[in-house]
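**Student:** Quick one: the structure is below, questions incoming.
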Amino acid sequence: MEDVGGILASLLLDTERPEGAIILLEGSLGAGKTSFARGFVRGATGDWNLRVTSPTFLLSNTYRARKVDENNVESDIEIHHMDLYRLGDHPEDFAPLNLDVVFRECVSLIEWPVRLSNVTVPTDQQLNVDIRHFSSDDTDTEDTPRRLVLSYPDGSSWGSILDQIHHQGLLDDMLMLTSKQ
Amino acid sequence: MSIVKRKAKVDYPCSLLLTILILNSMIGRYVTHPLTLRRIACMRRKVSFRLASTQLSVQQEESPKEKRRKRFIEQKGLPKAVDRGQFATTYRPFDGHSFQALSGLPPNLQNFTVLGIESSCDDTGAAVVRSDGTILGEALASQSHIHAPWGGVVPGLAKEAHEAEIDRIVQEALEAAGMTSAADVDAIGVTVGPGLEICLRVGATKARALAIEYQKPFVGVHHLEAHILMARLPYDSASKQLEFPFLALLVSGGHCQLLKCTGIGDMAVLGGTFDDSLGEAYDKTARLLGLPVGGGGGPVVERLAREGDPTTIPLSVPLQSRKDLDFSYSGLKSNVRRVAERLAKEQGVETPADLSHSIKANIAASFQHVAIQHVEQRLRRAMILLEEKENIRSLALVGGVAANQVLRTRIEGLCRKRSWDLWIPPPRLCTDQGTMSAWAAVERMRVQSTDDPTIPDVYARYPFAQKL
């Protein structure tokens, strides 16, 4: 899962406006959500030894990556890796996460997005990543291969990112389904 | 049930790269051509990437697609990535070798009081502490007597994002100390990082405003240092105080680290978790078993484990083959889930939450036993290292999980065996609260270090500076 995250980060930072991207990570305990996020953050920052730990208790971990635009101007981009596992349905629980600002100006990686049912989440740059265990005999170990179900809105930059991924055959063995919302 | 052994093996192409890298770094001293230097930097990142990717991974042949993905990252991602310091600001309260009292010091450094505020994450707390370690008054938002139907899993959280709450909590703490306003304390301290930015700001803004209004010395406290320094809080005038240097094991829901503590502002992380913390592993086990997590998952698993047999369920201890000081709990977490789900199936129930009390107790006990074994292994290695290299024989056990009796007992045993002194704050002082900020501020002022309250920064990430 780390490599998948790394590839997506790499391609996202190439786009004109990576800010505002919201990646919703779904999967059961141990599926690989944090591994994906780890690869993503390491890919975005280029630091392959960076510690990217689970934000379950800290709620959100922030990282800083550099992007370079077409005029070679560098700027900082913040990546917020959040885990909503511990939060309840009360909308006030989300206040400390400053979601309005983060959604708009940063790249968000959100584990347990099911908790967002009472929160408005901009959809135009959303990518849903559902990580599943894929086994023929109902086993489910660390080594069980994973499959991805991805979905994103029609017309968003994720479309062209996934086109590039298809074109280079990078995720053929893992993609179960890609759909446009 | 198969137990998978985990190896981090440096494979042949990687060791070849390493050789090239070493040669390159030797040549690098004499090569200044930008293109060659860029190639050397790329090579370094490539090796770094390969090594990082083989961490914790099971020894398996990579599929062609997996190789293609890695190649893509190396070719595309790495050259473009600029190797900037991740951290704009490190915690460094001293300049060179000296501390500075940027906002002055209390008039009497032998006897002064501090108002401490802590709002880095879940909860908001304030406390008034005297420099001899006496806690004069405390208040905590999640335990506030004002009844409010907050609901949610973290009741303190919702409250503390409201600025009105901080005023109330500070007032409560001051009044509990027999004071009417911040004018009555000698100094003010507040956590400025690490933590959630928006939460840190609430506390820091209030503390800075008070420091400026009442012209008090001000300290911007480091949250992790504050946890560690609770082990130095004198509990009575007779007891010996923990002295620097010492080893600290910080274990909580959000942190899982071993640190070498040489002085105020001078702490080095020796090892930490790659993924989940110990407290988190407990919490997730609690939820898996459908236990009520209101008071925290850890205590409820600990209670249940007392009724179970830790030898009934085989679980592998994480990172057994790694000879370092790092931790990993995500594998154990997944392992427990798999075992629980298998047992549920065998018992003909729908989910692990439906398992019988005695089976759940066995799962809790077995999990706890292995989780603590992992701590013991890493801790023992750290202890040996520090005994030999630095003659350190004092350990501070801090953070929320320090309240776990089984952990305390096992670590007490380890310390006895190796003739180490062990310092553990009382359980109620191991969690986030105002007292930790107040005491950390006391310690900073004792070494004549204070900060400038007019600088409004808070630091979501706030690593310790490397000593030069």
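The values are calculated or read from the model by the stated rules, or taken from the named source; none is laboratory data. Small disclaimer: the values here were computed from a predicted structure and weren't measured. Because the Cβ atoms are built from the backbone with ideal geometry, glycine has one as well, and the counts that use them run over all protein chains shown.
**Student:** Can you spot a residue in segment A:109-124 that is in contact (Cβ under 8 Å) with a residue 24 or more places away in the chain, more than 27 Å from B:Leu288 (Cβ to Cβ) and touching a strand residue (DSSP E or B) at 6+ places or on another chain (Cβ under 6 Å)?
**Tutor:** no
**Student:** Turning to a different aspect of this structure: Applying the selection to segment B:179-204, what residues are out of contact with any strand residue (DSSP E or B) (no Cβ under 7 Å at 6 or more places or on another chain) and within 13 Å of B:Asp123 (Cβ to Cβ)?
**Tutor:** The answer is B:Gly195, B:Cys199, B:Val202.
**Student:** Right, here's the next one. If I filter segment A:148-179 down to residues being part of a strand (DSSP E or B) and β-branched (Val, Ile, Thr), which single residue comes out as modelled with the lowest pLDDT?
**Tutor:** The first filter runs over segment A:148-179 and keeps only residues part of a strand (DSSP E or B), leaving A:148-152, A:175-179.
Still in the running and β-branched (Val, Ile, Thr): A:149, A:178.
Details: A:Val149: 93, A:Thr178: 82.
Here the residue is A:Thr178.
**Student:** Then there is this: Quick one: which residue in A:Arg86, A:Arg42 is of a type in the set (D, E, K, R), crowded, with 23+ Cβ neighbours inside 10 Å and over 23 Å from A:Leu171 (Cα atoms)?
**Tutor:** Working: A:Arg42 fails: over 23 Å from A:Leu171 (Cα atoms).
Only one candidate qualifies: A:Arg86.
**Student:** Follow-up. Name the helices (runs of 4 or more DSSP H) wholly inside segment B:281-396 in which the number of residues that are touching a residue at least 40 places away in the same chain (Cβ under 8 Å), away from chain A (no Cβ under 14 Å) and on the phi < 0 side of the Ramachandran plot is 2 or more.
**Tutor:** Result: B:297-305, B:357-390.
**Student:** Do any strands (runs of 3 or more DSSP E) lying entirely in segment B:233-274 carry at least 2 residues that are closer than 21 Å to B:Arg408 by Cα and touching a Pro at 6+ places or on another chain (Cβ under 9 Å), and which ones are they?
**Tutor:** On the way: elements: B:246-251, B:256-263, B:266-272.
Per the criteria, B:256-263.
**Student:** Considering only residues that are in contact with a Ser or Thr (Cβ under 7 Å, 6 or more places away or on another chain) and not in a helix (DSSP H, G or I), which ones fall in segment B:397-410?
**Tutor:** Residue satisfying the conditions is B:Gly399 alone.
**Student:** Being modelled with pLDDT under 90 and in a loop (DSSP other than H, G, I, E, B) is the filter; apply it to segment A:89-122 and report the residue that is farthest from A:Leu150 (Cα to Cα). Write out each step before concluding.
**Tutor:** Taking segment A:89-122 and keeping what is modelled with pLDDT under 90, we get A:89-98, A:117-120.
Next, only the ones that are in a loop (DSSP other than H, G, I, E, B) stay: A:89-90, A:98, A:119-120.
Working: A:Asp89: 25, A:His90: 28, A:Asn98: 26, A:Val119: 21, A:Thr120: 21 Å.
By that ranking, first place goes to A:His90.
**Student:** Could I ask something else about it? Report yes if A:Leu24 is in a strand (DSSP E or B) and either among the basic types (Lys, Arg) or at pLDDT 90 or above (or both), otherwise no.
**Tutor:** Yes: the conditions hold for A:Leu24.
**Student:** Please work out if B:Leu278 is within 14 Å of chain A (Cβ to nearest Cβ) and touching a Pro at 6+ places or on another chain (Cβ under 7 Å).
**Tutor:** Taking the combined requirement at face value, the residue does not satisfy it.
**Student:** If a residue has to be more than 18 Å from B:Leu250 (Cβ to Cβ) and not in a loop (DSSP other than H, G, I, E, B) to count, how many in segment B:411-468 make the cut?
**Tutor:** Residues meeting the conditions: 13.
**Student:** Sticking with this structure for a sec: Filter segment A:35-80 for residues that are among the aliphatic types (A, V, I, L, M) and within 7 Å of another protein chain (Cβ to nearest Cβ) and give the result.
**Tutor:** Hits for segment A:35-80 are A:Leu50, A:Leu58, A:Leu59.
**Student:** Only residues that are at the interface with another protein chain (Cβ under 10 Å from one of its Cβ atoms), out of contact with any Phe, Trp or Tyr (no Cβ under 6 Å at 6 or more places or on another chain) and either touching a residue at least 40 places away in the same chain (Cβ under 8 Å) or crowded, with 22+ Cβ neighbours inside 10 Å (or both): list them for segment A:8-30, please.
**Tutor:** Across segment A:8-30, the qualifying residues are A:Ser10, A:Leu11, A:Leu13, A:Ser28, A:Gly30.
**Student:** Residues in segment A:131-147: is at least one more than 12 Å from chain B (Cβ to nearest Cβ), farther than 20 Å from A:Leu25 by Cβ and in a helix (DSSP H, G or I)?
**Tutor:** no
**Student:** Quick one: in segment A:89-114, of everything that is farther than 21 Å from A:Ile161 by Cβ and touching a Gly at 6+ places or on another chain (Cβ under 8 Å), which residue is surrounded by the fewest Cβ atoms within 10 Å (Cβ to Cβ)?
**Tutor:** Applying the filter and picking the extreme gives A:Asp89.
**Student:** Being aliphatic (A, V, I, L, M) and under 16 Å from B:Asn335 (Cβ atoms) is the filter here; which residues of segment B:287-304 pass it?
**Tutor:** Within segment B:287-304, B:Leu288, B:Leu289, B:Val301 qualify.
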